[in-house]
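Have a look at this one before I ask anything.
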Amino acid sequence: MRPLSCADARALVDARLDGRLPSGDDAALRTHLEACAPCAAVAADARRVHSALLALHPGDPGPEFTERVIAALDRGPAPGEAAIPAPRGRFAAAVAGAAATTALAAAAVALLPVEEAAASVASRIPLLASPVPALPEPATRLLAGIGTAVPVWAAAAAGAAALLGAFLAGRSARP
Amino acid sequence: MRPMERTDPDRETAARAAAGDGPAFRALVDAWRGRVLAFCARMTRDRATAEDLAQEVFLHLYQVLRRYDPGRPFAPWMRRVTANCVLNRLRARPAATRSLDDPDAPPRADSRSPDPVRAAEGADQARAVRLHLARLPEGWRAVVALRYSEGLSIAEIASALDLPENTVKTRLFRAREALREALRTEREGRPA
């Protein structure tokens, strides 16, 4: 049987606490501890620490704990309380949804004549739902010019938003 | 593998809770509150803080549960969620609130010991260990907490904390060595 050094013996004392002591080393460790008082003291202290760590068990907090959790979920974060962080998945889904909405809206706007598009947007916003005053002739020409550029920037904006949404949705896959 | 994990009854419960089933979520809290509190109790210095932290874990679980893949065992995923949440919360707290030192709190004597002197010694040791445990680095404490709250193996701890097994072994060894030294110093400094 190979004699153990003190460092080896102390590593084995630690492994023994977790049931990781190789069976062949058990006898060597016992022999070492019988002959080496400092290592025997270390082994005794290691057992005390092990027992104390086991004794720190708080027990079951009981059904009232469950009730507290459910109540906290029902009421949401109280004023001054740390807010429950927004779930990344839902945030990403919201961004992806917004991106899709933007793309659809941009496509719809790009396909509509400018005056119809203005009326369409106004009709969806109560404060703007009053009749849209006719634009003076030069303004109509200017907007018609911009209208031809709309598909380009709208597609670029929608694409960027969709990429951001996809990126955030991908990040949310981890716990 | 533990017997409980062979059947993994929480897997189906978690899937139902993730789909919005309230009673299923309540059942998950019932099933895991003891284990989560046991972990939190070893990461903090007093029970009230541990219970607050455990509650935060379940609120966080509610937020992330829909990311759980029911095709995988629930317990390792839940332990990872717990450890990540607790470590993030502790790191985010100001140092003053992180160190809720309560060395005068009455320790729980080991009720299994019939000898009152030994029971008192055990209680002293438990108090000293709790005090010194809270002074260890959070990463070491997390390893100790998983080892002693659920009796997890090195491989299971490594999986829960996303660490190599050798790192887990080293942290466990160093943490127990530090606690052992702290106990020895305390004993030698105490008047006979």
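Coordinate-derived values only; no laboratory data. Being a predicted model, the structure only gives us computed values, none of them experimental. Glycine also receives a Cβ, built like all others from the backbone with ideal geometry; neighbour counts cover every protein chain displayed.
Tell me yes or no: at least one residue of the range B:27-35 is over 20 Å from the mean Cα position of the chain (by Cα) and either free of Cβ contacts under 8 Å to residues at least 60 places away in the same chain or within 9 Å of chain A (Cβ to nearest Cβ) (or both).
There is at least one residue in the range B:27-35 that is over 20 Å from the mean Cα position of the chain (by Cα) and either free of Cβ contacts under 8 Å to residues at least 60 places away in the same chain or within 9 Å of chain A (Cβ to nearest Cβ) (or both).
Determine, yes or no, whether B:ARG42 is more than 22 Å from B:ALA158 (Cβ to Cβ) and within 10 Å of chain A (Cβ to nearest Cβ).
No; evaluated as a whole, the condition is false for this residue.
Scanning for something more than 7 Å from chain A (Cβ to nearest Cβ), more than 21 Å from B:ALA15 (Cα to Cα) and surrounded by fewer than 16 Cβ atoms within 10 Å (Cβ to Cβ), does the range B:74-91 turn up at least one residue?
Checked the range B:74-91: at least one residue is more than 7 Å from chain A (Cβ to nearest Cβ), more than 21 Å from B:ALA15 (Cα to Cα) and surrounded by fewer than 16 Cβ atoms within 10 Å (Cβ to Cβ).
Check the range A:14-34 and report whether any residue there is among the small types (Gly, Ala, Ser), in a helix (DSSP H, G or I) and under 17 Å from B:GLU181 (Cα atoms).
Taking every residue of the range A:14-34 in turn, none turns out to be among the small types (Gly, Ala, Ser), in a helix (DSSP H, G or I) and under 17 Å from B:GLU181 (Cα atoms).
Okay, moving on. Condition check: more than 47 Å from the chain's Cα centre (by Cα) and either within 22 Å of B:GLY34 (Cβ to Cβ) or surrounded by fewer than 18 Cβ atoms within 10 Å (Cβ to Cβ) (or both). Does A:SER23 satisfy that?
Spelling it out, it is not the case that A:SER23 is more than 47 Å from the chain's Cα centre (by Cα) and either within 22 Å of B:GLY34 (Cβ to Cβ) or surrounded by fewer than 18 Cβ atoms within 10 Å (Cβ to Cβ) (or both).
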